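Undergrad: Quick one: the structure is below, questions incoming.
The values are calculated or read from the model by the stated rules, or taken from the named source; none is laboratory data. As the structure is a computational prediction, the values presented were derived from the model and not from experiment. Cβ placement follows ideal geometry from the backbone for every residue including glycine, while neighbour counts extend to all protein chains displayed. Note: accessible area is taken over every heavy atom of the protein model, side chains too, but ligands, DNA and RNA are not part of it. Shrake-Rupley method; radii C 1.70, N 1.55, O 1.52, S 1.80 Å.
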Amino acid sequence: MSVVGVVGAQPLAKLADTYGKVPTIIGGIGILGASVASIPFCSASAEMWTLIPTLGCWSLGTTMLGTSPMTHTVDIAKLEHRAHATSLLRTSGDIGMLSGALLSGMVADASSMDMAMRLNGGMLLAGSLWYAYRNSSPTHAHTGPPR
């Protein structure tokens, strides 16, 4: 997975600069969500040929999400609010990771690890669709140069 991150970081940054940060974020969340949701299917078959591409897609999705959310936040925040906006983004990410791990563990204990992975993948895909919808609305989408 690290190889995908190291090799893919530069081309994916170019992709974000060329096509925009929002499409890169939406694509990254979508790829990550699909790969997380498909992990239970890989563990059901003990074949490595299904796990390796799934983990490669997982790494591709996380690499796409490496810098795009932060640069998008900096682009849309006013100059005097950038430090506050980036700290809120990082804090909300940390809270999401902590609560997500807690809830995933609770789901895994109550049902199964496969159900927890499917639920995580579904939540990521739902988040990707919500973010795409929110950024397609002219009242919410940021257009134009940074403020």
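Undergrad: All other residues with a Cβ under 14 Å from the Cβ of ILE25 taken together, and with Lys, Arg as +1 and Asp, Glu as -1, what is their net charge? Let's see the in-between values first.
TA: Numbers: positive: LYS21, ARG134; negative: ASP17, ASP75.
Local net charge: 0.
Undergrad: Leaving out ligands and nucleic acids, and using a 1.4 Å probe, what accessible area per residue does the stretch 1-133 come to in Å²? Don't skip to the end; give the middle numbers.
TA: Details: 8250 Å² over 133 residues.
Per residue, the stretch 1-133 has 62 Å² of solvent-accessible surface.
Undergrad: Counting other Cβ atoms within 10 Å of each Cβ, which trypsin sites (Lys or Arg not before Pro) in the stretch 66-96 have at most 13 and sit in a DSSP loop? List each step's numbers first, then the result.
TA: On the way: sites: LYS78, ARG82, ARG90; in loops: LYS78.
Loop-located and lightly packed - LYS78.
Undergrad: Please work out how much length the chain gains when fully extended from MET70 to GLU47, using 0.36 nm per residue of separation minus the C-alpha to C-alpha distance, in nm with one decimal. Show your work: numbers first, answer last.
TA: Numbers: separation 23, 0.36 × 23 = 8.28 nm, distance 3.70 nm.
Here the answer is 4.6 nm.
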